[in-house]
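Every number here is computed from the coordinates shown, using simple stated rules; none is lab data. If you're wondering where the values come from, they're calculated on a predicted model, not measured in any experiment. Here the Cβ positions follow ideal geometry from the backbone for every residue, glycine too, while neighbour counts run over all protein chains shown.
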């Protein structure tokens with residue numbers, strides 16, 4: 001069973017490698033504009049399903065894994081900042097507050113198909129204006145949902161988390177590992 005990671009995220013590749021899976025990367029650029037969603041969880045599920053189906057259509061006999069991560073505060077979805085002003089607004093919004101990080105994962109292998117959302121709550125310290133300016137002057141915020149990386153320079157501003165640390169990085173590896181084991185078990189029973 002070959003695994004295809006449908007993501008251009010270097011962090012997701014690192015995390016999947018970390019847990020010992022052999023895979024290759026092949027992603028499809030899709031339009032992530034979703035208008036008909038009920039809430040942030042529904043939005044991120046619809047985005048990842050759109051990605052997953054596009055990748056599956058290229059690799060129908062392989063195990064497909066796609067993921068999408070958003071940061072949510074006050075029901076506002078924070079994707080990747082467009083520029084320094086956007087990054088500053090995001091950091092100010094999450095400053096000295098708790099927010100949610102949701103990663104939706106799409107898994108498909110032959111007749112097995114599942115989408116789930118893992119949620120982690122992240123608590124941010126009180127960050128001064130000067131610290132915000134220093135942070136947004138680095139290149140770290142600009143390719144990250146919510147404008148920060150938990151494993152990067154921003155780590156010093158994170159008080160605590162409730163949930164899966166790796167989920168905040170972009171892939172809930174414990175839950176994903178359990179899903180893959182379930183697929184392998186089902187496959188072994190069918191072939192055994």
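Packing-wise, with mean Cβ within 10 Å as the measure, how do 84-92, 67-75 rank, highest first?
Peptide ranking by packing, descending: 67-75, 84-92.
What list do you get for 50, 187, 12 if you sort them by fewest beta carbons within 10 Å?
Sorted ascending by nearby Cβ count, the order is 187, 50, 12.
Tell me, what is the percent relative contact order of the chain, built from C-alpha pairs under 8 Å that lie six or more residues apart?
The value is 21 percent.
Please report the spacing between the Cα centers of the range 124-192 and the range 16-55 in Å, no decimals.
Each part reduced to its Cα centre gives a spacing of 15 Å.
Multiplying the sequence separation of residue 85 and residue 160 by 0.36 nm and subtracting their Cα-Cα distance, what value in nm do you get?
24.4 nm
In what order do 25, 122 fall by count of nearby beta-carbon atoms within 10 Å, going from fewest to most? Walk me through the numbers before you get to the answer.
On the way: 25 15, 122 25.
The most exposed by this proxy come first: 25, 122.
Express in nm, to one decimal, how much length is gained between residue 115 and residue 138 on full extension, taking 0.36 nm for each residue of separation and deducting their alpha carbon distance.
Values: separation 23, 0.36 × 23 = 8.28 nm, distance 3.43 nm.
Difference between extended and current length: 4.8 nm.
Between residue 126 and residue 75, what FRET efficiency comes out of the Förster formula 1/(1 + (r/R0)^6) with R0 = 35 Å and r the beta carbon distance, rounded to 0.05? Walk me through the numbers on the way to the answer.
Details: r = 23 Å, r/R0 = 0.65.
Computed FRET efficiency for residue 75 and residue 126: 0.95.
Hey, with R₀ at 22 Å, roughly what FRET efficiency would residue 2 and residue 28 work out to, going by the Cβ-Cβ distance, to 0.05?
Details: r = 17 Å, r/R0 = 0.77.
Computed FRET efficiency for residue 2 and residue 28: 0.85.
Any idea how far apart residue 57 and residue 96 come out in nm if each label point goes 7 Å out from Cα toward Cβ?
4.9
Sort 21, 166 by Cβ crowding within 10 Å, fewest neighbours at the top.
Lowest to highest Cβ neighbour count: 21, 166.
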